[in-house]
Amino acid sequence: MSGGAGEDGTTAVVPAAGSSSRFGGAKLWADLGGQPVLAWVLRALGDPASGVDELVVVAVAEDHRRVLELATAAAPRLGCRCVEGGVRRQESVRRGLSACSRQLVLIHDGARPGLTPELCAQVLRAAREVGAASACIPVSDSTARLSGAHLTEVLPRAQLAAIQTPQAFRTELLRRAHQEALRLGRDADDDAALVLALGETVAAVRGDPRNLKVTRNEDLLALRSWLSPGAGGRQWA
Ligand code: CTP
Ligand code: MG
């Protein structure tokens, strides 16, 4: 893969090339408090407190112009580059990785507008120490393993977490994980899984329930209800 990844600092890679099939309509451009969902992500990354100093957005080519416009408005501190997406998220991230020039990379889904600069900074701190880190939240429902339509085992909840992004990695480590996945035809929902498959450690950082992924329309309704009316609906309550 090309790209030096030699410079000190952090590149944020934002996968934003999905087809929003469960949402039905381009969810990253849906309105949330007067701005597109994606603008919230770029604004959090653009805050100096996030620790991010380079931005790569992975998007379909026809979106590149509006992504660059949005990034100029929402994250003027960061020079944004757009990279063409892949068929699956994993391929989109792999393409984004090839454009990273920093030693650390922070991956955050364009579909999670509840990101805060503080959560980015915490995940980056852990990744700097351990090599890899992921935001996770405790599971509040009991959880079971299924076989078809039957429960086969109820899992011990205290040992489980729901995985969010941001996730952060030493860039070299995540590149190795993606190369290995490509070589073996390994497919995973997230980047931490690819790093774990190498036998490496991934630190768990407490995420935020409001860092919800917009998957279906009801997720967007929940996010809207968490906005502060007093701030013109442009801030979290
Ligand atoms: N994503 C991507 N490239 C893909 C698929 C997904 O960059 N080929 C991005 C999405 O844009 C989103 C994030 O990965 O920001 C998480 O994916 P998901 O929530 O599944 O979004 P979609 O794939 O767009 O939605 P769906 O699965 O319902 O089609
Ligand atoms: Mg998807």
Task: E129 vs. criteria in contact (Cβ under 8 Å) with a residue 12 or more places away in the chain, of a type outside the set (V, I, T) and over 16 Å from L97 (Cβ atoms) - done: yes
Open item on the list: Based on this model, can you work out whether L119 counts as of a type in the set (A, V, I, L, M, F, W, C), more than 13 Å from T10 (Cβ to Cβ), crowded, with 22+ Cβ neighbours inside 10 Å and out of contact with any helix residue (DSSP H, G or I) (no Cβ under 7 Å at 6 or more places or on another chain)?
Closed with: yes
- [ ] Only residues in segment 74-89 that are within 21 Å of G46 (Cα to Cα) count as the first member; pair them with residues that are part of a strand (DSSP E or B) and within 16 Å of ligand 2 (Cβ to nearest atom), Cβ under 8 angstrom, at least 6 apart or cross-chain, and list the lot.
- [x] C82/V58; C82/A59; V83/V58; V83/A59
- [ ] Just need a number here: residues in segment 70-95 that are more than 16 Å from ligand 2 (Cβ to nearest atom) and open to solvent by less than 90 Å² (accessible area, probe 1.4 Å).
- [x] 11
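For segment 30-39, indicate whether the set of residues that are part of a helix (DSSP H, G or I), under 25 Å from R125 (Cα atoms) and open to solvent by 30 Å² or more (accessible area, probe 1.4 Å) is non-empty. Please lay out each step first, then the result.
Of all residues in segment 30-39, those part of a helix (DSSP H, G or I) come to 37-39.
So of that shortlist, the ones also under 25 Å from R125 (Cα atoms) come out as 38-39.
Filter again for open to solvent by 30 Å² or more (accessible area, probe 1.4 Å), leaving none.
Scanning segment 30-39, I find no residue that is part of a helix (DSSP H, G or I), under 25 Å from R125 (Cα atoms) and open to solvent by 30 Å² or more (accessible area, probe 1.4 Å), so the answer is no.
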- [ ] Name the single residue, out of those in segment 153-162 being outside any strand (DSSP E or B) and of a type outside the set (A, V, I, L, M, F, W, C), that is surrounded by the most Cβ atoms within 10 Å (Cβ to Cβ).
- [x] R157
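Does G18 satisfy the criteria of being on the phi < 0 side of the Ramachandran plot, within 16 Å of ligand 2 (Cβ to nearest atom) and surrounded by 23 or more Cβ atoms within 10 Å (Cβ to Cβ)? Talk me through it step by step, then tell me what you get.
On the way: on the phi < 0 side of the Ramachandran plot: yes; within 16 Å of ligand 2 (Cβ to nearest atom): yes; surrounded by 23 or more Cβ atoms within 10 Å (Cβ to Cβ): no.
No; evaluated as a whole, the condition is false for this residue.
The values are calculated or read from the model by the stated rules, or taken from the named source; none is laboratory data. Being a predicted model, the structure only gives us computed values, none of them experimental. Cβ: placed from backbone, ideal geometry, glycine included. Neighbour counts: every protein chain shown. For accessibility, only protein heavy atoms count, side chains too; no ligands or nucleic acids. Shrake-Rupley method; radii C 1.70, N 1.55, O 1.52, S 1.80 Å.
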